[in-house]
Amino acid sequence: MQIQLGYELVYACPQPTPMILAVNVHFSRVSDLLGPDHIVTRPPAPLTAYRDGFGNWCSRVVAPPGDFSISADARINDSGLPDPVEPFAPQVAVEHLPGETLVFLLGSRYCETDRLSETAWSLFGHTPPGWARVQAVCDWVHNEISFGYQHARVTKTALETLQERTGVCRDFTHLAIAFCRCLNIPARYCTGYLGDIGVPPSADPMDFSAWLEVYLGGQWYTFDPRNNTPRIGRVLIARGRDAADVAISTAFGPTELKSFRVWTDQVAP
């Protein structure tokens with residue numbers, strides 16, 4: 001299967017504004033691209049790139065005053081298979097976890113494990129450890145949190161999502177991550193493309209999506225509390241502790257987002 005994917009972001013900048021962008025397809029999927037997903041800016045501006053502490057490919061640019069657009073369009077091969085499901089994947093005891101997973105047990109900007117631990121254990125302490133426990137977390141978040149774009153707020157944390165019982169996909173993901181970490185299961189935040197492939201099309205405008213990966217049985221598995229079902233055509237952009245680590249754009253100065261488009265569509269090969 002092939003997927004056409006891309007985005008166009010248009011910012012208004014009152015002055016030259018340095019920006020960091022995390023918009024390229026993740027290195028783990030680069031070999032699937034049929035052509036590079038180069039960033040195109042209008043007006044043209046020089047970009048430099050680097051890898052952040054989580055291995056994500058990031059770009060730096062200084063946006064000129066006025067309207068500034070950032071876009072890319074590419075085609076990628078995909079297996080066409082849904083997210084893997086391993087219902088007997090076991091939980092790994094903390095003392096046996098690889099060192100690189102331990103950071104994903106700790107609290108972070110949007111995932112307040114210290115304030116959610118008691119709730120997590122009261123809700124899920126009775127569930128079997130491993131895959132079943134993570135699925136119980138995702139079932140609960142999916143059923144108890146109401147989705148709506150009107151509930152989006154860039155400062156909303158996992159605790160606030162629990163208290164307000166509303167949110168968008170990043171809020172569902174933050175709450176599930178926080179609960180998993182409280183239960184001693186490493187969990188990391190993912191952002192990327194997820195279109196309506198294999199499911200009825202949505203009337204909502206396309207957006208980048210958020211989901212989580214958890215470490216079970218010696219490897220990372222994808223879970224998606226917003227949709228709560230294995231999906232086809234998921235394309236990773238970046239991973240981190242939470243949304244603060246993988247912001248699509250970070251501006252070091254005042255900006256206004258004037259336009260935002262994302263596309264990810266199955267196409268004939």
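Values as computed for the structure displayed
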{"item": "In the range 12-44, the residues that are small (G, A, S) and loosely packed, with under 15 Cβ neighbours inside 10 Å", "result": "S28, S31, G35"}
{"item": "Number of the exception - Q150 against (1) under 30 Å from T41 (Cα atoms); (2) in a helix (DSSP H, G or I); (3) over 23 Å from the mean Cα position of the chain (by Cα)", "result": "(3)"}
{"item": "Any hit, the range 244-255, residues being under 18 Å from F104 (Cβ atoms) and crowded, with 22+ Cβ neighbours inside 10 Å", "result": "yes"}
{"item": "Near pairs, Cβ below 8 angstrom, 6+ apart or cross-chain, from the range 161-172 (aromatic (F, W, Y)) to any residue that is surrounded by 21 or more Cβ atoms within 10 Å (Cβ to Cβ)", "result": "F172/V141; F172/I145; F172/T161; F172/A210; F172/P225; F172/R226"}
{"item": "D32 vs. criteria touching a strand residue (DSSP E or B) at 6+ places or on another chain (Cβ under 7 Å), under 20 Å from I3 (Cβ atoms) and outside the structural domain of T191 (by TED's automatic domain parsing)", "result": "yes"}
{"item": "Every pair of residues 6+ apart whose Cβ atoms lie under 8 Å, when the first sits in the range 119-144 and is at positive phi while the second is surrounded by fewer than 19 Cβ atoms within 10 Å (Cβ to Cβ) and not acidic (D, E)", "result": "G130/F88; G130/P90; G130/G217"}
{"item": "Residues (surrounded by 16 or more Cβ atoms within 10 Å (Cβ to Cβ), of a type in the set (A, V, I, L, M, F, W, C) and under 20 Å from the mean Cα position of the chain (by Cα)) located in the range 55-93", "result": "W57, C58, I70, A72, A74, I76"}
{"item": "Subset of the range 190-210 (residues that are among the hydroxyl-bearing types (S, T, Y) and part of a loop (DSSP other than H, G, I, E, B))", "result": "S202"}
{"item": "Condition check for A176: in contact with a Cys (Cβ under 7 Å, 6 or more places away or on another chain) and either closer than 25 Å to D204 by Cα or without any contact (Cβ under 8 Å) to a residue 24 or more places away in the chain (or both)", "result": "yes"}
{"item": "Tabulated pairs, the range 250-264, first part of a strand (DSSP E or B) and hydroxyl-bearing (S, T, Y), second surrounded by 12 or more Cβ atoms within 10 Å (Cβ to Cβ) and modelled with pLDDT under 95, C-beta under 7 angstrom, 6+ apart or interchain", "result": "T264/G195; T264/M206"}
{"item": "Test: residue in the range 156-163 that is of a type outside the set (A, V, I, L, M, F, W, C), outside the structural domain of L123 (by TED's automatic domain parsing) and not in a strand (DSSP E or B)", "result": "no"}
{"item": "Within the range 210-234, tally of residues that are among the β-branched types (V, I, T) and either crowded, with 22+ Cβ neighbours inside 10 Å or in the same structural domain as L47 (by TED's automatic domain parsing) (or both)", "result": "1"}
{"item": "R239 vs. criteria buried (at least 16 other Cβ atoms within 10 Å of the Cβ), touching a residue at least 40 places away in the same chain (Cβ under 8 Å), touching a Phe, Trp or Tyr at 6+ places or on another chain (Cβ under 6 Å) and part of a loop (DSSP other than H, G, I, E, B)", "result": "no"}
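The rows are residues; the columns are (1) charged (D, E, K, R); (2) surrounded by 14 or more Cβ atoms within 10 Å (Cβ to Cβ); (3) within 24 Å of T229 (Cα to Cα).
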| position | (1), (2), (3) |
| --- | --- |
| L97 | no, yes, no |
| C111 | no, yes, yes |
| H126 | no, no, yes |
| Q135 | no, yes, yes |
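The values are calculated or read from the model by the stated rules, or taken from the named source; none is laboratory data. Just so it is clear, the structure is predicted and the values come from calculations on it, not from any experiment. So basically every Cβ, Gly included, is an ideal-geometry build from the backbone, and we count neighbours across all protein chains shown.
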